[in-house]
1. Does T158 satisfy being open to solvent by 20 Å² or more (accessible area, probe 1.4 Å), assigned to a strand (DSSP E or B) and more than 21 Å from R34 (Cβ to Cβ)?
2. Among the strands (runs of 3 or more DSSP E) lying completely within segment 28-89, list those that include at least 2 residues that are touching an Asp or Glu at 6+ places or on another chain (Cβ under 8 Å) and in contact (Cβ under 8 Å) with a residue 60 or more places away in the chain.
3. I'd like the full set of residues that are open to solvent by less than 60 Å² (accessible area, probe 1.4 Å) and of a type outside the set (A, V, I, L, M, F, W, C), limited to segment 74-87.
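The values are calculated or read from the model by the stated rules, or taken from the named source; none is laboratory data. Predicted, not measured: the structure shown is a model, and the values here were computed from it. As a convention, Cβ positions derive from the backbone with ideal geometry for all residues, glycine included, and neighbour counts pool all protein chains shown. For accessibility, only protein heavy atoms count, side chains too; no ligands or nucleic acids. Shrake-Rupley method; radii C 1.70, N 1.55, O 1.52, S 1.80 Å.
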Amino acid sequence: MRLRALMALVPLSLAVVLMGAAPAAVAQDTGWIRWGNWSPSAPDFDIYLKSFGGSGNATVIKHVRYGDVSSYTAIPMGQYTIAMRDAGAAPTSPPMLSASVQVAPGTAYTIVSMGPASHLGVQVLKETMRSSPDKALVRVVQESVQQHRVTVNNGSRTLGGPLRLGSYTG
């Protein structure tokens, strides 16, 4: 089944995320980060990314809505904090969600809000960026609050699942 046909069958609350490819030529001390809001229960967020011990300003991504996923951004290796605040909240206000990530050279990460309102959290997903020729990498994320478990099939072949709310395939 073609990916476009698969995506047409997927309910809005079940995300199919194309992994994409990280840029091939970058410095040895660089990784990649992208971010998103994958929880239908979450508000719009402003996401702050700040280097531990770094003297620079935080990277701020404004008004990340449910279903948004950014492109990858090259970032120097190191330890970073992630703070998700309600969209428009003061940068000094306490974050609704927070996490940290150790960015390794040549490695890509996806940082997202996931889960139902009662268990909303941040996930830092380490990505696989290389696939076989003529193949695509796809991650299925189960964020349907109306379905307890979801399985994605291509004919008789199971592509993912059963997935519970807030879980995802590799």
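1. Yes; evaluated as a whole, the condition is true for this residue.
2. Fully inside segment 28-89 and qualifying: 30-37.
3. G78, Q79, Y80, T81, R85
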